[in-house]
Amino acid sequence: MENNTIKQLSIFIENREGRLDEVLHVLGENDINIVALSLADTEDYGMLRLIVSDPLKAKMILKEAGITSMVTDVVAIKVSHATGSLSSAMHVIVEAGINVEYMYCFANGAEASAILKTDEPDKLVEVLGKSGFAVYKELEAYNANA
Amino acid sequence: MSKIELKDWQEKIRTPEIECISRDEMASIQSKRLVEVVNRVYDNVPFYHEKMKDLGVEPGDIKDISDINKLPFTTKEDIRNNYPFGLRAVPEEQVVRVQGTSGTTGKLTVIPYTQKDIDVWGECLARELTMAGLTKEDRIHICYGYGLFTGGMGLDIGVSKLGATAIPMSSGNTKRQMMCMEDFGATAFACTPSYALYLAESLKEAGVIPRLKIKAGIHGAEPWTKAMREKIEGILGINCFDIYGLCEISGPGVAMDCIHHKGLHIQVDHFYPEILDPGTGTATKEGEYGELVFTTLSKEAYPLLRYRTKDITSIDYSRCDCGRTLPRISTFKGRTDDMKVIRGVNVFPTQVEQALVSMGGAVAPHYLLVVDRVNNLDVLTVMVEVDESYFSDEIKKLDALRDKVGKVLKQALGIAVKVKLVEPKTIQRSEGKATRVIDNREI
Ligand SMILES: [Zn+2]
């Protein structure tokens, strides 16, 4: 069976000046293209989540620069720009009783995507498929804005 | 290598005629030496001459070791006030070396040594290296700093005395340390425990551990815990030992623990310990905690009477399972001046370390305490590193970890603590003395 998930890079970032910039700079310098970015903020630290052109290479590069990151499997759902499209996808997920840890969106021209973290990715893809929603495959997602 | 279990350990004792004698026999050696040293400082060091006169004590009043409480104290301040060589007890031509502190606060402390002082220092270390199972066949990789700091040079002198091979790496450049450790086939290494842990992690990451010949680690110059020792031992498959010393008294090797790890054996034929109530300066009951105070019994160039170390410990005079009668000091509970009174509670950084290590690897035992006063209330913030293996991309899980650390620390310290998680490997690993506490209160 083909992989239903794509690899997301998660980076723990202390809330100190210039740290986010530093991380993005390291990636940029090494030709890692950022497809999607989400920054969750707490009082003391931030959690940077990225979909990039080459997640494993990016992890290595960050490690060399002294930045710890982890690779997490997430599901990227294709949603059209039509009003209510995301809402109906969410409806399907809630109906199926699937727990979503977090979610964020990105758009590339005509295409849009919602990225979801769940511990039941296969079930998620299955119920979405039945309701006509497709998911991104790895390479497709990593090159979504190439 | 693999760690040697206690049941398979073969104890070696370099000088059983000293290390295993009865308390009375030791007291007679100490008494003789105390009388000599008191006469020497009275005659040769104006500072002590004056102090003894002020107390109305003459050398003749000191007949044996039990008279030690008649003598004046020496403090770090006294040494600073007589900087650099005001307390020297021998003519210049007898001095062969000086060593000192890293001087993190205020003036440097610089201590002169005669050749005999160096020999005694080396002999104490040779006894201790033997206690760690090392012989002249061994190669000891020394990654304590060399220079004025006593760590590197002290170990070096001890290794020479033992007749083993010293590999004088000094501190820093971990990549080079790892390469030399492997290439030169070192069988033991010496450095601070925090650097030992860092080095062990780096060696593991680089995958070189199976090719190493290391069997023992000698670590000191900063407080550490049993759990931290076991972590280093586990990663490297070695036996680690806790070494203690201070340059005012000689340097590393004043005391070290044996394989039984039931306190650090003091070389009491040269360094006489007292445990005093830090407030009153009177002796505590045997076995009770108090400030460790040393008198150097054989030092020539820079003898000190009743030097107040500010380290809080207790002492055990019973014969150790290793066979030695050298009394043992317990793990330091802290320092009289590192101790922070926060909301009326005494807090020692070592308690924080112990608590973090007890969590079994969820957080690295690297931490920094920051004390602030907000609206007249003391706030203790503990910054801890999130161990890479426990790192999560879910804020919920990181927050749960933070709360758990907070709970464990509150239990250990008895006060509420604000925990701040920081990125792995961002808290400074020290190669000298680590900064564990920042106190921003203006009191
Ligand atoms: Zn012992």
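The values are calculated or read from the model by the stated rules, or taken from the named source; none is laboratory data. Quick caveat, the model's predicted, so the values are computed rather than measured. FYI the Cβ positions are ideal-geometry reconstructions off the backbone, even for glycines, and counts take in every protein chain you see. To get the accessible areas, we keep the full protein, side chains included, count just its heavy atoms, and leave off ligands, DNA and RNA. Shrake-Rupley method; radii C 1.70, N 1.55, O 1.52, S 1.80 Å.
Overview of results
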{"item": "Qualifying position, being on the phi < 0 side of the Ramachandran plot, open to solvent by 40 Å² or more (accessible area, probe 1.4 Å) and assigned to a loop (DSSP other than H, G, I, E, B), among B:318, B:389", "result": "B:318"}
{"item": "Matching entry among B:63, B:12 (being under 30 Å from residue B:216 (Cβ atoms) and not in a helix (DSSP H, G or I))", "result": "B:12"}
{"item": "Within region A:47-59, considering residues that are in contact (Cβ under 8 Å) with a residue 60 or more places away in the chain and of a type in the set (A, V, I, L, M), the one nearest to the other protein chains (Cβ to nearest Cβ)", "result": "A:51"}
{"item": "Flag if residue B:309 is open to solvent by less than 10 Å² (accessible area, probe 1.4 Å) and either at pLDDT 95 or above or more than 13 Å from the ligand (Cβ to nearest atom) (or both)", "result": "yes"}
{"item": "Subset of region A:60-89 [more than 10 Å from chain B (Cβ to nearest Cβ), of a type in the set (D, E, K, R) and outside any strand (DSSP E or B)]", "result": "A:64"}
{"item": "Residue list for region B:181-200, filter: assigned to a helix (DSSP H, G or I) and open to solvent by less than 10 Å² (accessible area, probe 1.4 Å)", "result": "B:181, B:193, B:194, B:195, B:196, B:197, B:199, B:200"}
{"item": "Of all residues in region B:231-261 being among the acidic types (Asp, Glu) and closer than 20 Å to residue B:195 by Cβ, the one that is nearest to the ligand (Cβ to nearest atom)", "result": "B:257"}
{"item": "Odd one out for residue B:294 among (1) within 16 Å of the ligand (Cβ to nearest atom); (2) open to solvent by less than 10 Å² (accessible area, probe 1.4 Å); (3) hydrophobic (A, V, I, L, M, F, W, C)", "result": "(1)"}
{"item": "First in region B:409-427 and within 14 Å of chain A (Cβ to nearest Cβ), second anywhere and modelled with pLDDT under 85 and in a helix (DSSP H, G or I), Cβ under 8 Å, 6 or more apart", "result": "B:424/B:388"}
{"item": "Enumeration of residues in region B:338-378 that are open to solvent by 10 Å² or more (accessible area, probe 1.4 Å), part of a strand (DSSP E or B) and either within 14 Å of chain A (Cβ to nearest Cβ) or aromatic (Phe, Trp, Tyr) (or both)", "result": "B:368, B:370"}
{"item": "Total residues in region B:315-336, condition closer than 18 Å to residue B:224 by Cβ and within 16 Å of the ligand (Cβ to nearest atom)", "result": "4"}
{"item": "Residue B:262 vs. criteria at pLDDT below 95, open to solvent by 10 Å² or more (accessible area, probe 1.4 Å) and of a type in the set (Lys, Arg)", "result": "no"}
{"item": "Test: residue B:264 is within 30 Å of residue B:97 (Cα to Cα), more than 14 Å from chain A (Cβ to nearest Cβ) and more than 16 Å from the ligand (Cβ to nearest atom)", "result": "no"}
{"item": "Qualifying residues in region A:24-46 (those that are within 11 Å of chain B (Cβ to nearest Cβ) and more than 15 Å from the chain's Cα centre (by Cα)) - the one most open to solvent (accessible area, probe 1.4 Å)", "result": "A:43"}
{"item": "Strands (runs of 3 or more DSSP E) (entirely within region B:201-311) containing at least 3 residues that are among the aliphatic types (A, V, I, L, M)", "result": "B:251-257"}
